[in-house]
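K.L.:
Mind having a look at this structure? Questions to follow.
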Amino acid sequence: MKIRTIISAALVFSLPGLICAHDSRAQTVTKNFEATIPNISGKSLIAVEVDYAPGAASPPHTHAKSAFIYAYVISGAIESKVNDSGTRIYRAGESWSESPGALHSISRNASKTEPAKLLAVFVLDTNDSRLTTPSN
(Lines give C-alpha, C1' and ligand atoms only; values in the text may rest on other atoms or scores of the structure.)
Protein backbone atom coordinates (compact mmCIF):
# COMPACT_ATOMS: atom_id res chain seq x y z
CA MET A 1 0.00 0.00 0.00
CA LYS A 2 1.37 3.41 -0.90
CA ILE A 3 2.34 5.76 1.94
CA ARG A 4 0.07 8.43 0.42
CA THR A 5 -2.91 6.07 0.67
CA ILE A 6 -2.04 5.21 4.27
CA ILE A 7 -1.81 8.89 5.20
CA SER A 8 -5.09 9.66 3.42
CA ALA A 9 -6.79 6.76 5.19
CA ALA A 10 -5.52 8.01 8.54
CA LEU A 11 -6.96 11.44 7.80
CA VAL A 12 -10.32 10.02 6.74
CA PHE A 13 -10.66 7.74 9.70
CA SER A 14 -9.48 10.12 12.42
CA LEU A 15 -12.48 12.36 11.65
CA PRO A 16 -11.42 15.52 13.50
CA GLY A 17 -10.38 16.91 10.10
CA LEU A 18 -13.32 15.17 8.46
CA ILE A 19 -12.62 16.13 4.87
CA CYS A 20 -10.15 14.22 2.76
CA ALA A 21 -9.62 14.11 -0.95
CA HIS A 22 -6.33 12.83 -2.30
CA ASP A 23 -6.77 12.07 -6.00
CA SER A 24 -9.33 11.36 -8.73
CA ARG A 25 -10.32 8.11 -6.97
CA ALA A 26 -10.98 9.94 -3.71
CA GLN A 27 -13.62 9.71 -1.09
CA THR A 28 -14.65 12.67 1.02
CA VAL A 29 -15.96 12.18 4.56
CA THR A 30 -17.98 15.03 6.06
CA LYS A 31 -19.57 15.12 9.50
CA ASN A 32 -23.30 15.72 9.04
CA PHE A 33 -24.50 15.64 12.67
CA GLU A 34 -23.22 14.97 16.20
CA ALA A 35 -25.02 14.96 19.56
CA THR A 36 -25.06 13.15 22.86
CA ILE A 37 -28.20 11.08 23.35
CA PRO A 38 -29.90 12.67 26.37
CA ASN A 39 -31.88 9.63 27.49
CA ILE A 40 -29.04 7.08 27.08
CA SER A 41 -26.22 7.96 29.44
CA GLY A 42 -22.75 7.87 27.88
CA LYS A 43 -23.98 7.42 24.28
CA SER A 44 -23.71 9.72 21.26
CA LEU A 45 -24.98 9.76 17.70
CA ILE A 46 -22.67 10.83 14.88
CA ALA A 47 -23.70 10.94 11.22
CA VAL A 48 -21.19 11.25 8.38
CA GLU A 49 -21.62 11.50 4.63
CA VAL A 50 -19.14 9.60 2.49
CA ASP A 51 -18.89 10.85 -1.08
CA TYR A 52 -17.16 8.40 -3.39
CA ALA A 53 -15.71 9.52 -6.71
CA PRO A 54 -16.21 7.05 -9.58
CA GLY A 55 -14.21 3.92 -8.77
CA ALA A 56 -13.19 5.16 -5.29
CA ALA A 57 -12.87 2.84 -2.30
CA SER A 58 -12.28 3.07 1.43
CA PRO A 59 -9.33 1.10 2.78
CA PRO A 60 -10.34 -1.95 4.86
CA HIS A 61 -11.19 -0.81 8.37
CA THR A 62 -12.77 -1.74 11.68
CA HIS A 63 -15.36 0.35 13.46
CA ALA A 64 -15.29 1.58 17.04
CA LYS A 65 -15.87 -1.29 19.48
CA SER A 66 -19.02 0.40 20.82
CA ALA A 67 -20.45 1.61 17.49
CA PHE A 68 -23.71 0.32 16.06
CA ILE A 69 -23.96 1.67 12.50
CA TYR A 70 -26.86 2.34 10.18
CA ALA A 71 -25.75 2.91 6.57
CA TYR A 72 -28.00 4.39 3.87
CA VAL A 73 -27.11 4.88 0.20
CA ILE A 74 -28.14 8.41 -0.80
CA SER A 75 -27.10 8.14 -4.45
CA GLY A 76 -25.34 5.74 -6.76
CA ALA A 77 -24.37 2.23 -5.67
CA ILE A 78 -22.03 1.03 -2.91
CA GLU A 79 -20.34 -2.37 -2.83
CA SER A 80 -19.88 -3.57 0.74
CA LYS A 81 -18.61 -6.55 2.71
CA VAL A 82 -18.86 -6.59 6.51
CA ASN A 83 -17.36 -9.36 8.67
CA ASP A 84 -18.09 -12.79 7.16
CA SER A 85 -21.14 -11.69 5.16
CA GLY A 86 -21.09 -11.93 1.38
CA THR A 87 -20.19 -8.97 -0.80
CA ARG A 88 -23.30 -7.04 -1.77
CA ILE A 89 -24.15 -3.98 -3.87
CA TYR A 90 -26.56 -1.53 -2.25
CA ARG A 91 -28.31 1.02 -4.47
CA ALA A 92 -29.79 4.44 -3.69
CA GLY A 93 -32.56 4.04 -1.10
CA GLU A 94 -31.20 0.77 0.35
CA SER A 95 -29.65 0.41 3.80
CA TRP A 96 -27.94 -2.01 6.18
CA SER A 97 -26.57 -2.12 9.72
CA GLU A 98 -23.22 -3.06 11.19
CA SER A 99 -22.49 -4.45 14.63
CA PRO A 100 -20.03 -2.90 17.09
CA GLY A 101 -16.40 -3.62 16.17
CA ALA A 102 -17.31 -4.81 12.67
CA LEU A 103 -14.59 -5.38 10.07
CA HIS A 104 -15.48 -3.56 6.84
CA SER A 105 -13.20 -5.25 4.31
CA ILE A 106 -14.94 -3.79 1.23
CA SER A 107 -16.55 -0.37 0.98
CA ARG A 108 -16.44 1.20 -2.46
CA ASN A 109 -18.32 2.88 -5.24
CA ALA A 110 -19.74 0.10 -7.42
CA SER A 111 -19.48 2.35 -10.49
CA LYS A 112 -16.33 3.35 -12.36
CA THR A 113 -18.19 6.23 -14.08
CA GLU A 114 -20.73 7.70 -11.61
CA PRO A 115 -20.23 9.14 -8.10
CA ALA A 116 -21.94 7.61 -5.04
CA LYS A 117 -22.91 8.95 -1.63
CA LEU A 118 -23.48 7.09 1.65
CA LEU A 119 -24.85 8.30 4.99
CA ALA A 120 -23.40 6.41 7.97
CA VAL A 121 -25.05 6.93 11.37
CA PHE A 122 -23.02 5.77 14.39
CA VAL A 123 -24.49 5.20 17.87
CA LEU A 124 -21.50 4.78 20.16
CA ASP A 125 -19.94 5.48 23.53
CA THR A 126 -19.44 9.24 23.85
CA ASN A 127 -15.77 8.77 24.75
CA ASP A 128 -14.97 6.71 21.61
CA SER A 129 -12.85 9.22 19.70
CA ARG A 130 -12.17 7.15 16.54
CA LEU A 131 -15.08 5.97 14.47
CA THR A 132 -12.88 3.74 12.31
CA THR A 133 -9.36 2.38 12.27
CA PRO A 134 -7.55 1.13 9.13
CA SER A 135 -7.06 -2.64 9.37
CA ASN A 136 -3.96 -2.82 7.16
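The values are calculated or read from the model by the stated rules, or taken from the named source; none is laboratory data. Treat the numbers as computed from the prediction; the structure is a model and nothing was measured. Neighbour counts run over all protein chains shown; Cβ positions are idealised from the backbone, glycine included. Quick note on the areas: whole protein, heavy atoms, side chains included, nothing else; ligands and nucleic acids left out. Shrake-Rupley method; radii C 1.70, N 1.55, O 1.52, S 1.80 Å.
K.L.:
State all residues of region 83-99 that are in contact with a strand residue (DSSP E or B) (Cβ under 6 Å, 6 or more places away or on another chain) and either touching a residue at least 40 places away in the same chain (Cβ under 8 Å) or in a loop (DSSP other than H, G, I, E, B) (or both); if no residue qualifies, say none.
P.N.:
Asn83, Thr87, Ala92, Glu94
K.L.:
Have a look at Ala57, Ala47 and point out the one that is out of contact with any Gly (no Cβ under 8 Å at 6 or more places or on another chain) and either open to solvent by 40 Å² or more (accessible area, probe 1.4 Å) or free of Cβ contacts under 8 Å to residues at least 40 places away in the same chain (or both). Outline the logic, then answer.
P.N.:
Working: Ala47 fails: either open to solvent by 40 Å² or more (accessible area, probe 1.4 Å) or free of Cβ contacts under 8 Å to residues at least 40 places away in the same chain (or both).
Sole residue among the options that is out of contact with any Gly (no Cβ under 8 Å at 6 or more places or on another chain) and either open to solvent by 40 Å² or more (accessible area, probe 1.4 Å) or free of Cβ contacts under 8 Å to residues at least 40 places away in the same chain (or both): Ala57.
K.L.:
Out of the residues in region 25-40 meeting the condition of being in a loop (DSSP other than H, G, I, E, B) and not polar (S, T, N, Q), tell me which one is nearest to Gly55 (Cα to Cα). Spell out the reasoning first.
P.N.:
Pass one, region 25-40, residues in a loop (DSSP other than H, G, I, E, B): 25-26, 37-40.
Next cut, not polar (S, T, N, Q) only: 25-26, 37-38, 40.
Details: Arg25: 6, Ala26: 9, Ile37: 36, Pro38: 39, Ile40: 39 Å.
Checked region 25-40; the qualifying residue nearest to Gly55 (Cα to Cα) is Arg25.
Residues are listed down the side, and each one gets a yes or a no for (1) part of a strand (DSSP E or B); (2) among the small types (Gly, Ala, Ser):
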residue	(1), (2)
Tyr70	yes, no
Ile74	yes, no
Arg108	yes, no
Ser111	no, yes
Phe122	yes, no
Asn127	no, no
Thr133	yes, no
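K.L.:
Can you tell me which residue within region 89-122, out of those that are farther than 16 Å from Ser66 by Cβ, surrounded by fewer than 14 Cβ atoms within 10 Å (Cβ to Cβ) and not aliphatic (A, V, I, L, M), is nearest to the chain's Cα centre (by Cα)?
P.N.:
Filtering region 89-122 for residues that are farther than 16 Å from Ser66 by Cβ, surrounded by fewer than 14 Cβ atoms within 10 Å (Cβ to Cβ) and not aliphatic (A, V, I, L, M), the one nearest to the chain's Cα centre (by Cα) comes out as Ser95.
K.L.:
Checking Ala21 against (1) more than 14 Å from Leu131 (Cα to Cα); (2) modelled with pLDDT of 95 or more, only one condition comes out false. Which one?
P.N.:
With (1) more than 14 Å from Leu131 (Cα to Cα); (2) modelled with pLDDT of 95 or more applied to Ala21, the lone miss is (2).
K.L.:
Starting from residues that are touching a Ser or Thr at 6+ places or on another chain (Cβ under 8 Å) and polar (S, T, N, Q), keep the ones in region 60-86 and report whichever is most open to solvent (accessible area, probe 1.4 Å). Let's see the steps before the verdict.
P.N.:
If we filter region 60-86 for residues that are touching a Ser or Thr at 6+ places or on another chain (Cβ under 8 Å), which is where we start, we get 60-64, 68-73, 76-83.
If we keep only those that are polar (S, T, N, Q) too, we end up with 62, 80, 83.
Values: Thr62: 42, Ser80: 5, Asn83: 70 Å².
This residue is Asn83.
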